[in-house]
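Peer 1: Structure incoming, see below.
No value in this document is a laboratory result; all are computed from the given coordinates. The model shown is predicted, which means the values in this text are computed figures rather than measured ones. Backbone-built Cβ (ideal geometry, glycine too); neighbour counts: all protein chains shown.
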Amino acid sequence: MALDIDRFVELSGAVKTDDLDWEGAAVAGVTDEEARILRYMADTETHTIVYMRDLLAGHSTKDPEITAFLSVWVYEELWHGRAIDKVLRASGREVNPRRAGELVGTVTWMERLEALLSSLLANSTPHFIATHMAWGALNEFTAAASYMALSRRTQNPAVRELCKRLAEQERKHFAFYFEQAKRRLERSRLARVMARFALTRLWSPVGSGVSGADALPLTAAYLFGDEQGWEDIVRAERRISQLPGIEGFTEPTRQIGALIARHRARELTATAATAG
């Protein structure tokens, strides 16, 4: 069934936070691991405006459904970052108000190269839109899984409820991206070739270049290192593999598995050093 973009826009808006248990947040606080992960999540969400520059390029600007969706998407993602900052402050953690501007300067040379190539392809063929849509679908699915994993683990009532609400919006974003990708991949072999190449050769977990080298391994191990978390990543992989041309896709489990292994190796090294 086709996604009703008008209905989608009508149902969109900033994530609700005024009814969260702020007193409970102050009492419970957050662990150091949770604070680091929430900071990573907020950085990634706030950085969405930079990602939009790549998405809203070339032929994408001529598609009214995509422009309408991205207008809503970037607004909701901005408020995800702001809501996380709010819950961090309420939980006794400092938040740098200039953080978003500082992050723009941390873009890696690889990200700059990918943005350049993406812009060239986006302007050269409308079939590249399918790549952006498939990429977005994968990122939104894993983002929703991340929020749900944190909501299961935290003892902070405000964090728990906020993460559930953020996951709900991420699943809504996923639905749009996935349907757009499926429709476009079905009707173009070139779109399937480009999307498969991008996802299997260029994709990495969202936010990889934003919050520092240590944030992503910690996040992967904390959220997906148990049986339920790992199953969520497997489920994301299977769902994206249902897209035409993306069959047998295994990058999420390969890359996130490697991040988990890296974090555990660091923990072993630190334990050994302490014991020595």
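Peer 1: For segment 124-140, just list the computed ³J(HN,Hα) in residue order, Karplus coefficients 6.51, -1.76 and 1.60, θ = phi - 60°, integers in Hz, with x standing in for Gly and Pro.
Peer 2: 8, 8, x, 6, 6, 4, 4, 5, 4, 5, 5, 4, x, 4, 5, 5, 5
Peer 1: While we're here: Which one of Gln169, Ser124, Ala220 is farthest out on the positive end of the charge dipole of segment 112-263, using unit charges on Cβ (Lys, Arg +1; Asp, Glu -1) and the Cα centre as origin?
Peer 2: Ser124
Peer 1: So, one more: Mean projection of the alpha-carbon convex hull of the chain over all orientations, in nm²?
Peer 2: 15.3
Peer 1: I would also like to ask the following. Taking θ = phi - 60°, what integer Hz values does the Karplus form 6.51 cos²θ - 1.76 cosθ + 1.60 yield along segment 246-254, in sequence order, with x for Gly and Pro?
Peer 2: So the J values, rounded to whole Hz, are 10, 4, x, 5, 10, 4, x, 5, 5.
Peer 1: Also, I was wondering about something else. Charges only on Cβ, +1 for Lys and Arg, -1 for Asp and Glu: so what's the dipole of the chain about the Cα centre, in debye to the nearest 20? Don't skip to the answer; put the middle values down first.
Peer 2: On the way: 35 positive and 37 negative charges, 149 e Å.
Magnitude of the dipole: close to 720 debye.
Peer 1: Next question. Where the only charges are on Cβ atoms (+1 Lys, Arg; -1 Asp, Glu), what is the dipole of segment 127-248 about its Cα centre, to the nearest 20 debye?
Peer 2: 520
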